[in-house]
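First up is the structure itself, then whatever we jot down about it.
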Amino acid sequence: MLETKYWQTETGIGGHGLREAAAALAAGGIVAFPTETVYGLGADARNTEAVARIFAAKGRPSDNPLIVHLASGEALDSLTERLNDIERKLIRACWPGPLTLVLPVKAGAVSPLVTAGLDTVAVRVPAHDVARRLIALSGCPIAAPSANRSGRPSPTEAAHVLEDLSGRIDGVVDGGETGIGLESTVVRVVGDAIHILRPGGVTCERLRQIAGPGVQVMTEGGEAPPPSEGLRDAERQGQSVEFVRDAAAVDESSEAPLEHVRGAAVDSVDRPRSPGVKYKHYAPLGDMLLVVGDDPDRVVAAVREAAEHARRDGCKVGIIASSEHAGRYAGLAAEVLVCGSRHAPAEAARRLYALLRECDRLGLDAIVAEGFPEAGIGAALMNRMRKAAGGRIRKV
Ligand code: TXA
Ligand code: MG
């Protein structure tokens with residue numbers, strides 16, 4: 001067990017604590033820090049031993065590469081050769097900010113563990129003063145996945161980091177709650193198209209606007225559509241499909257709303273371009289069912305029915321609800337957790353991971369969640385909710 005140091009920064013970002021954290025990073029330590037999306041667990045990206053400690057602390061599979069965080073775009077030269085026009089445009093518009101670009105990597109620029117042996121590296125400049133100042137003080141490019149145990153919801157507060165990693169990392173810099181609450185958007189530019197490998201803080205609509213006419217913005221892999229019709233759509237478009245599951249587990253008419261799905265395989269037809277999207281992610285400990293549909297009354301009715309069914313099966317049940325519908329679950333023997341308004345997906349995005357952790361704290365065995373509209377950040381929100389549900393979705 002390591003002693004995990006705790007550095008408070010809410011009182012200012014220039015203090016001694018941040019310098020100590022930066023020195024720990026420069027010396028091969030692994031330190032968690034806030035970004036505008038979620039907390040990251042950082043190490044010097046050039047130091048293989050330090051990066052190996054990240055994988056060990058998280059229990060992360062070694063074929064899932066890490067994002068390299070820079071204090072500013074100027075340091076990009078050391079990682080990659082040359083940018084094309086679209087990449088330059090994206091960087092100008094989005095950095096610092098929640099956009100990660102996958103770029104050809106310069107040989108030897110970072111540890112091969114960071115790239116998982118690929119010939120590309122994922123890079124971003126976070127829009128969080130504490131993160132940028134820490135990276136600048138360390139003098140290193142900082143490889144940082146989200147600072148959670150692999151498979152768990154990403155941390156949006158320092159307390160979440162400690163819950164998962166206390167005793168396994170050298171320290172955590174506390175910068176309060178993160179703003180966006182979901183991870184960055186990961187993109188790769190191929191020819192004249194921007195491929196979204198993982199939806200996130202920068203919306204698809206925004207990418208279209210930045211890229212302008214003539215540039216296609218494509219979703220794939222991480223943007224898995226709901227099963228059934230989703231599978232057909234994806235097949236038609238030749239995309240890789242993320243949730244290929246046992247038919248019974250995705251059968252919308254299944255009578256057993258919350259049978260065990262935790263052990264079920266979630267894999268993909270093809271090796272996805274972003275290796276991380278094939279793993280089960282962001283999951284609470286209880287089994288989660290996601291209910292989606294356009295008619296709010298039908299969604300509420302289906303959520304109620306699934307919750308009642310699970311309770312009859314002896315489960316401790318929770319409902320993740322929109323603020324508009326929360327009152328309609330009163331009287332059920334279920335904890336009701338309000339995620340946010342259906343009209344303000346950014347609020348739900350900010351709260352989702354903390355709510356999933358709350359589900360665990362309450363000891364819930366079964367969680368029934370309402371889906372949210374997919375516009376804007378709603379796409380990333382629903383991507384994470386589908387993953388948290390292990391692909392178990394009921395469409396009504
Ligand atoms: O907002 C974020 O991006 C947070 C904060 C800490 O910056 N970081 C984060 O890292 O979410 P992580 O490791 O949890 O997710 C990184 C994602 C994974 O899906 C990984 O497969 C993908 O980026 N990735 C990394 N390098 C890649 C590469 N060379 N090619 C394709 N995908 C890559
Ligand atoms: Mg992660």
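For D77 and Q209, what does the FRET efficiency come to when R0 = 22 Å and r is the distance between their Cβ atoms, rounded to the nearest 0.05? Before the final figure, lay out each step's value.
Details: r = 28 Å, r/R0 = 1.26.
Approximately 0.20, to the nearest 0.05.
So what J values fall out for region 160-167 if you push phi through Karplus, 6.51 cos²θ - 1.76 cosθ + 1.60 with θ = phi - 60°, rounded to Hz, Gly and Pro as x?
Per residue, the Karplus-derived 3J(HN,Hα) values read 5, 4, 5, 3, 8, 10, 4, x Hz.
What residues qualify as long-range amide H neighbours of H128, i.e. H under 5 Å apart, gap of 5 or more or another chain, H built at 1.01 Å from N?
E36
Read phi for every residue in region 20-26 and hand back ³J(HN,Hα) as whole Hz from Karplus 6.51 cos²θ - 1.76 cosθ + 1.60, θ = phi - 60°, with x for Gly and Pro.
Result, ordered by residue: 5, 4, 5, 5, 4, 4, 5 Hz.
If each residue's Cβ is checked for other Cβ atoms within 10 Å, how do I319, I367 rank with the fewest at the top? The partial results should precede the final answer.
Numbers: I319 27, I367 33.
With the fewest neighbours first, I319, I367 line up as I319, I367.
Take the alpha-carbon centre of region 70-100, take the same for region 1-69, and report the distance between them in whole Å.
Using only Cα atoms, the two centres lie 22 Å from each other.
Collect residues whose amide H, placed 1.01 Å from N in the peptide plane, falls under 5 Å from the amide H of G151; neighbours closer than 5 in sequence don't count.
Y282
5 Å is the cut-off here: which amide hydrogens, built 1.01 Å from N in the peptide plane, fall below it relative to G42, excluding neighbours closer than 5 in sequence?
Excluding prolines and chain starts, which carry no amide H, the hits are V31, A32, F33.
I need the phi-derived Karplus couplings for region 182-192: 6.51 cos²θ - 1.76 cosθ + 1.60, θ = phi - 60°, integer Hz, Gly and Pro marked x.
10, 5, 5, 7, 9, 10, 9, 8, 10, x, 9
Any read-out appearing in this document is the output of simple, stated calculations on the displayed coordinates, not a laboratory observation. From a predicted model like this one, the values you see are computed outputs, not experimental measurements. For neighbour counting, all protein chains shown are included, and Cβ atoms are generated from backbone atoms with ideal geometry for every residue, glycine included.
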